Ligand SMILES: Nc1nc2c(ncn2[C@@H]2O[C@H](COP(=O)(O)OP(=O)(O)O)[C@@H](O)[C@H]2O)c(=O)[nH]1
Ligand SMILES: [Mg+2]
Ligand SMILES: [Zn+2]
C-alpha cells in the first residue's frame, strides 16, 4: 500500500502520461505484510555515490539499491537526471531507490564503442544552444537535432546575438540572415530563436516552452551559454559559468554534471555539461526524420539503390547542399557501424554463455552427473 500526493509533483514535471509507468512499477514490488511508506521522487542530480532527489517540496539525498543499479546497467539504461523513482526509507532513515519508472523518453548518446548512454530522461523540450560566435556549426547542430526523439520537441537557441556586431541595425540584419539560413537547412519544423543569454529578455523569448510542469533540457557544446541561460531563466545564479578561452572561444567546462532546477514560472530546466564528440543514439527512422529532405528527394533518384555519391541522376545531389549531404552520409555510416557493433556484442555474449554452458556440461559429465 502506498499513498502518493501528486499535487506537489506537478510543478517538478509529473504528468498523467507517466501513470502507466507508475502502475507497472508498483506491480513489481513484492507484497509486504506490513504497509510501507514509499515516495515518488524525481532524480535531479547524479553523483558517484549518492543521488539528489526532489519530492516537490525539498531535496533529499538517497542511494539506489545495488540490485537496481546492476539490473539497469546490464540493460544499458543507467539512472539519468529526470527519472522518476520509487523510494523507501530503511530503519536508520536512509533513503533507497527501489524502482525506476520506465521513462517516457531519453535523450541518449553513444560512445565510441557504440554503447548507449542516457543523458537525461522524461523531457518535453530540448533547447539546442549554439553561440553565434566561433561555436556556430550547422553540421554539429544537425547531429544534436537527432537527439530529439519520442516526443521531445527540438528548439534551436542561438546565443550571443548581442556580440554579432557593434551597430544594432547591422547586428539585427546579420542575426536575421543566420536564422534564415539555418531554417532553410534544418526545415520549418524546428523553431530557431536568437537571444542574448545574459539578458532577461531571453526568458520572455523562451516563455512558450517554459509553462508550468514542462521539463526542458539545455544541450550544446561547452561555452555555448547553457549555464548562462539557466541562470537567466531562474533569475538567480544557480550554475557556474565560464569565461570563453581567448584562443578558441570555447568555454572552460565549468559545468561538470547535469542538474535539474525549478524555474520561478513553474517549469524545470536541466543544465548539462558540453557534449564533445557527439554521437546521437538513433536508428534509421530517426535519421530519416531528421533529414526528411534527403529522404523525399531520394525517391526521385534514377537508381533505386542510389547512395547519393556520384551516381548519375541523383536527385539528392541536386537538391541538398553538399555540406548537409556530407553530414547525412557520415551519420548514416556511423549508425551502421553502431548497429553492427551492437549486434556483434550480442553475438559475443551468447557465444560466451553457450561456451559457459558447454563447459559446465563437460564438468558434470566428468563427475558422472550427466
Ligand atoms: N555577451 C554574451 N555572453 C554570453 C552569452 N551566452 C554566454 N555568454 C558568455 O559565454 C561564456 C560561457 O557561457 P556558459 O554559460 O558558461 O556556457 P556553457 O558551457 O554552455 O554552460 C560566459 O562567459 C558567458 O558569460 C550571450 O548570449 N551574450
Ligand atoms: Mg555550463
Ligand atoms: Zn541519389
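Laboratory data are not the source of any read-out in this text; all were calculated from the coordinates shown. Quick caveat, the model's predicted, so the values are computed rather than measured. All Cβ positions, even for glycine, are placed from backbone atoms using ideal geometry, and neighbour counts span all protein chains on display.
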- Mind jotting down the three principal axis lengths of the chain based on Cα atoms? Whole angstrom, largest first. 80, 55, 40
- Query: Based on the alpha carbon coordinates of segment 7-100, what radius of gyration and maximum Cα-Cα distance (Dmax) apply, in Å?
  - Reply: 12.9, 34
- Message: I need the peptides 158-169, 180-191, 206-217 ranked by packing, meaning the mean over residues of other C-beta atoms within 10 angstrom, with the highest value on top.
- Response: 206-217, 158-169, 180-191
- Message: Taking 25 Å as R0, compute the FRET efficiency from the Cβ-Cβ separation of residue 295 and residue 339 and round it to 0.05.
- Response: 0.85
- Note on the structure: Rounded to the nearest 5, the percent of DSSP beta bridges in segment 106-271 running antiparallel is 35 percent
- Of 37-46, 334-343, 287-296, 79-88, ordering from highest average Cβ density within 10 Å down gives 79-88, 37-46, 287-296, 334-343
- Message: Please report the antiparallel percentage of DSSP beta bridges with both residues in the chain, rounded to the nearest 5.
- Response: 60 percent
- Message: If I stretch the segment between residue 205 and residue 326 completely, what's the gain in nm (0.36 nm per residue apart, minus their alpha carbon distance), one decimal?
- Response: 40.3 nm
- Message: Taking 51 Å as R0, compute the FRET efficiency from the Cβ-Cβ separation of residue 59 and residue 285 and round it to 0.05.
- Response: 0.85
- Query: Where the centre of each part is set by its Cα atoms, how far does segment 279-295 sit from segment 19-83, in angstrom?
  - Reply: 32 Å
- Sort the following peptides by mean Cβ neighbour count (other Cβ atoms within 10 Å, averaged over residues), highest first: 323-331, 4-12, 260-268. 260-268, 323-331, 4-12
- Item | D_trans [Stokes-Einstein, Kirkwood Rh over alpha-carbon pairs] for segment 122-176, 37 °C, 0.692 mPa s, µm² s⁻¹ | 264 µm²/s
- Remind me, what semi-axes does segment 284-347 give for its equivalent ellipsoid, largest first in whole Å, using sqrt of 5 times each Cα gyration tensor eigenvalue? 24, 12, 11
- Under the classification rounded if a/c is under 1.5, otherwise prolate if a/b is larger than b/c and oblate if not, where does segment 52-147 fall, given a ≥ b ≥ c as square roots of the Cα gyration tensor eigenvalues? prolate
- Do the sum for the chain: with -39,500 (n - 2.57) for every DSSP H run of n ≥ 4, divided by all residues, what is the mean residue ellipticity at 222 nm, to the nearest 500 deg cm²/dmol? -10500 deg cm²/dmol
